[in-house]
Amino acid sequence: MISNDDNFEKRCRGGQCRCCRQSGLKPVLDLGLMALSDGLLTKLQLSEQEGKYPLEVAYCPHCSMVQILETVPPEKLFCEDYPYYSSFSDALLDHSRKNVLSLIEKRNLGANSFVVELASNDGYLLKNYVEKGIPCLGIDPAEGPAKVAENVGVPTLCKFFTKELAHQLAEEGRRADVIHANNVLAHVADTNGFVEGIGILLKDKGVAVIEAPYVRELIEHCEFDTIYHEHLCYFSVTSLDHLFRRNGLYLNDIERLTIHGGSLRSYVSLYEDVQESVQALLKEEQELGVDQYYFYEPFSTKVQNIRSKMRDLLWGLKAKGKTIAGYGAAAKGAIMLNYIGAGPDIIDFVVDRNVHKQGKYMPGMHIPIYDPARLMEVLPDYVVILPWNFKDEILSQQAAFRDRGGKFIIPIPEPVIV
Ligand SMILES: [Zn+2]
């Protein structure tokens, strides 16, 4: 049973693939009606009607792209108070810096080079180029983070990246040696237009370095809480290869990364020079069936099992009079809490290091968000780590809390107490 809603299969069958435009999608997972996972609420907004949208995942048997059916208008998703500031994660900063330093060396970048980042956020990545005197430009529609980027010396265009903008920059003679696009490809409604834009903005010998979560990890490790309205597509090497070729680009090299629960870093150019790394992963995907529907079919049952286990665990602890908090007001956390139905009656509060999130409330479940210092003040018995992909970082930051007897719950791939 894939869904309680028989119409889900019908909607898939009638739906058209976001990427190859063919119809006949196959149902993968129905998460039901969901509040927008990044839509943190102010106290005033708690009494207003909150928008909820279906969150349904499907597989395209023609180009292998896993995708959600619904497209929430981007202006509802990415506005000025979009709360995600990349610089609040040490692990992410370190990951980006290493990537930049290795690219500067490998591609001999210098004062005559030009680097562009799409979805440059608060300048967390490009500031490494600025430091080395390499000209760069960030493009990001979110005003808050873009202002922060400008303040640390990263020139930023506060706009959505489109084919038209790519043409305009190319005409101004600003084609790029390197284009970074980390965790943004999944966010754009016009996937083909975005990729085509990358081709237009790239120099003939340039490279686009594109990071995106790997759908294989999502399925194998049951990372259903990385599925949200902002993520329209979920990539495999097979589906990426189709997508790039359809738009005149070649996936020449690829790396698997551990960040965000398992990601792919694709190296894409206007010329074809496919490395062994790409061939090997394509072959692995064929052997595992990542390019076939049967790979995705059992996912729904596994996700429902996690929900039952989390509910048994949390409701059980609560019945014994234990107190429970959450760590990390990220989108993942919103999906997890909404899907298992844990509101303020189960989770007293959530803490987050990001000062922009403190004082607000989790979407859908309306749990208040505080500074992490509150953990030591209140000493809850258990803390659920919602952004489980940063669990090592969080556990080491919270050593003092653990020394005082506090326990953590990691929900995925299977709920465990540490
Ligand atoms: Zn397709």
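The values are calculated or read from the model by the stated rules, or taken from the named source; none is laboratory data. No experiment lies behind these values; they were computed from the predicted model shown. Methodologically, a virtual Cβ is constructed for each residue, glycine included, from the backbone with ideal geometry; neighbour enumeration extends over all protein chains shown. Protein only, heavy atoms only, side chains kept; ligands, DNA and RNA dropped before computing areas. Shrake-Rupley method; radii C 1.70, N 1.55, O 1.52, S 1.80 Å.
Entry remark, the range 142-186: residues being touching a residue at least 24 places away in the same chain (Cβ under 8 Å), open to solvent by 40 Å² or more (accessible area, probe 1.4 Å) and within 23 Å of the chain's Cα centre (by Cα) number 6 in total.
Could you check, for the range 66-86, whether at least one of its residues is free of Cβ contacts under 8 Å to residues at least 12 places away in the same chain and not in a helix (DSSP H, G or I)? Step through it out loud before you land on a result.
Taking the range 66-86 first, the residues free of Cβ contacts under 8 Å to residues at least 12 places away in the same chain are 73, 75.
Right, trim to not in a helix (DSSP H, G or I) and you get 73.
Within the range 66-86, one or more residues are free of Cβ contacts under 8 Å to residues at least 12 places away in the same chain and not in a helix (DSSP H, G or I).
Return a yes/no flag: does the range 317-327 have any residue that is surrounded by 15 or more Cβ atoms within 10 Å (Cβ to Cβ), under 19 Å from ALA186 (Cα atoms) and of a type in the set (Gly, Ala, Ser). Checking the range 317-327: not a single residue is surrounded by 15 or more Cβ atoms within 10 Å (Cβ to Cβ), under 19 Å from ALA186 (Cα atoms) and of a type in the set (Gly, Ala, Ser).
Using beta carbons and a limit of 7 Å, which pairs, at least six apart or on different chains, have the first residue in the range 200-212 and at positive phi and the second one buried (at least 22 other Cβ atoms within 10 Å of the Cβ) and of a type in the set (Val, Ile, Thr)? Pairs found: none. Please list, ordered by residue number, the helices (runs of 4 or more DSSP H) wholly in the range 311-418 having 1 or more residues that are of a type in the set (Phe, Trp, Tyr) and in contact (Cβ under 8 Å) with a residue 24 or more places away in the chain. Ranges flagged: 331-340, 399-403. Taken over the range 105-141, residues that are open to solvent by 30 Å² or more (accessible area, probe 1.4 Å) and not in a loop (DSSP other than H, G, I, E, B) amount to 5.
Considering only residues that are assigned to a loop (DSSP other than H, G, I, E, B), without any contact (Cβ under 8 Å) to a residue 12 or more places away in the chain and more than 16 Å from the ligand (Cβ to nearest atom), look in the range 16-56 and name the one that is most open to solvent (accessible area, probe 1.4 Å).
Kept after step one, since they are assigned to a loop (DSSP other than H, G, I, E, B), are these residues of the range 16-56: 17-22, 24-25, 36-40, 42-43, 48-51.
So of that shortlist, the ones also without any contact (Cβ under 8 Å) to a residue 12 or more places away in the chain come out as 21, 48-49.
If we keep only those that are more than 16 Å from the ligand (Cβ to nearest atom) as well, we get 48-49.
Values: GLU48: 110, GLN49: 177 Å².
Ranking the qualifying residues of the range 16-56, first place goes to GLN49.
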